[in-house]
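What follows is a single structure, written as structure tokens, with notes after it.
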Amino acid sequence: MIKDKSIFIKNVYYMPSYAFGNLHKTEYKNIGKESFDNLDNLFAAILAKGIGKQLKQGLYREYVSCHDNLPAVRGKIDLVETIRNQLACRKLVACDFDELSANNLYNQILKSTALQLARSKKVDKKYRDLLKKELVFFGEIDMVDLSKVPWQKFHFHRYNQSYRLLLGICELLTEGKIMAAEQGTMRLTDFADDQRMSHLYEKFILEYYVQEYAQKYRGFTAKAAMIPWQLDDDNKNLLPVMKSDVLLSYGGREMIIDAKYYAHSLQSNFDTKTIHSANLYQIFAYVKNLAAIRRNDTVAGMLLYAMTDEEIVPDEDYQMSGNQISVKTLDLGQDFSLIKEQLDRIVTEFFTELG
């Protein structure tokens, strides 16, 4: 149980700090000092601050395809429509051309998400007012159906890198319904069925190790990786893809981490609590196949559950067929410094050279 929901909400601020970047920058620092009573307010504050910053820099523009009847030729002539114009005594040329415009999908998503927050009764008036003031500058930007946005297909580069955080927040707000409990206490199960939180949890774990270790220790790598099947022949037909949430590598040793964000970290069978069978089989398959491919017994695996309020909390290490398989929990309701300590301990206990 999360006894102080403000602690959990504060930690959700830190999670996108790693998952999407930018929140460590100066302009977002004050948000980290505020107290939020629900996640809608937190995300509204981040989005309002980010959009305001983006408006000062100028909205991102990219070339979009346009079609218009013009007094002079621009781009490619639409001959059929131009002839129709002439027959109707209109001295206009129908043209297809590309125009540098702010009315692109990036800004359409910002406008559509900000408008939803500005209309939400769950968001405090001060954040709604901020968003409404900023929306005035989106007058020429179209709305978009957020449920149909291809979130995985965005490409970020030097000219639109600042949108990475903003669209990440928009994605979290779109793909589920994060809601704070009305009571003075809050259970993780209130959030556990939310796909946004599961996605954020996985991405946070990966990016924490990227930023705190891969970027600081030469030779350390952290990535989401495909695990190849160890096959006796080349037949891969109908085999499922094995993709780890996190693969850590350093000094010839490797650890696969699968981050699990469930309402219940254990399964029940005739009043007996056990680890989820499918999860355990999955991490075991990942480890044994990678160990066989690498010909290396120093491959380990870990199921890292977000802690729930269940009486039994998994915290186990097993030796299975020569490899270490661990099942641990991460308490998101504690101070973030303690979360960091646990994540650091996972690394330093396995990669002893870093300890």
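The values are calculated or read from the model by the stated rules, or taken from the named source; none is laboratory data. Not measured: the values here are computed from a predicted model. Positions of Cβ are backbone-derived with ideal geometry, glycine not excepted, and every protein chain shown enters the neighbour counts. These area figures cover heavy atoms from the full protein model, side chains too; ligands, DNA and RNA do not enter into them. Shrake-Rupley method; radii C 1.70, N 1.55, O 1.52, S 1.80 Å.
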Inset, instruction - Tally the residues that are exposed (fewer than 12 other Cβ atoms within 10 Å of the Cβ) and β-branched (Val, Ile, Thr), restricting the search to segment 77-122. - result: 2
Legend entry - Filter result (out of contact with any helix residue (DSSP H, G or I) (no Cβ under 7 Å at 6 or more places or on another chain) and at pLDDT 90 or above) within segment 255-279: Thr274, Ile275, His276, Ser277, Ala278, Asn279
Inset, instruction - Output yes when any residue across segment 282-299 is more than 30 Å from Leu239 (Cβ to Cβ) and at pLDDT below 90, and no when none is. - result: no
Inset, instruction - Answer yes or no as to whether Val299 is hydrophobic (A, V, I, L, M, F, W, C), more than 22 Å from the chain's Cα centre (by Cα) and under 23 Å from Tyr213 (Cα atoms). - result: yes
Legend entry - Residues of segment 310-355 classified as among the charged types (D, E, K, R), closer than 20 Å to Glu202 by Cα and loosely packed, with under 14 Cβ neighbours inside 10 Å, total: 5
Inset, instruction - Return a yes/no flag: does segment 53-76 have any residue that is surrounded by 13 or more Cβ atoms within 10 Å (Cβ to Cβ), out of contact with any strand residue (DSSP E or B) (no Cβ under 6 Å at 6 or more places or on another chain), at pLDDT 95 or above and in a loop (DSSP other than H, G, I, E, B). - result: yes
Inset, instruction - Considering each of Tyr318, Tyr261, Tyr281 in turn, give the residue that is hydroxyl-bearing (Ser, Thr, Tyr), more than 25 Å from the chain's Cα centre (by Cα) and within 29 Å of Ala19 (Cβ to Cβ). - result: Tyr281
Inset, instruction - Give the residues of segment 175-199 that are in a loop (DSSP other than H, G, I, E, B), open to solvent by less than 80 Å² (accessible area, probe 1.4 Å) and either at pLDDT 90 or above or farther than 18 Å from Tyr13 by Cα (or both), sorted by residue number. - result: Gly184, Thr185
Legend entry - Within segment 104-174, helices (runs of 4 or more DSSP H) holding 3 or more residues that are without any contact (Cβ under 8 Å) to a residue 12 or more places away in the chain and under 19 Å from Leu55 (Cβ atoms): 125-135
Legend entry - Flag if Thr348 is within 20 Å of Lys223 (Cβ to Cβ) and without any contact (Cβ under 8 Å) to a residue 12 or more places away in the chain: yes
Inset, instruction - Can you tell me which residue among Gln211, Gln230, Gln215 is surrounded by fewer than 19 Cβ atoms within 10 Å (Cβ to Cβ) and over 25 Å from Ser337 (Cα atoms)? - result: Gln230
Inset, instruction - Return yes or no: is Asn11 part of a helix (DSSP H, G or I) and at pLDDT below 90? - result: yes
Inset, instruction - Could you tell me which of the residues Val241, Val287, Val210 is closer than 16 Å to Val327 by Cα and hydrophobic (A, V, I, L, M, F, W, C)? - result: Val287
Legend entry - Filter result for Tyr127 (within 20 Å of the chain's Cα centre (by Cα), crowded, with 19+ Cβ neighbours inside 10 Å and at pLDDT 90 or above): no
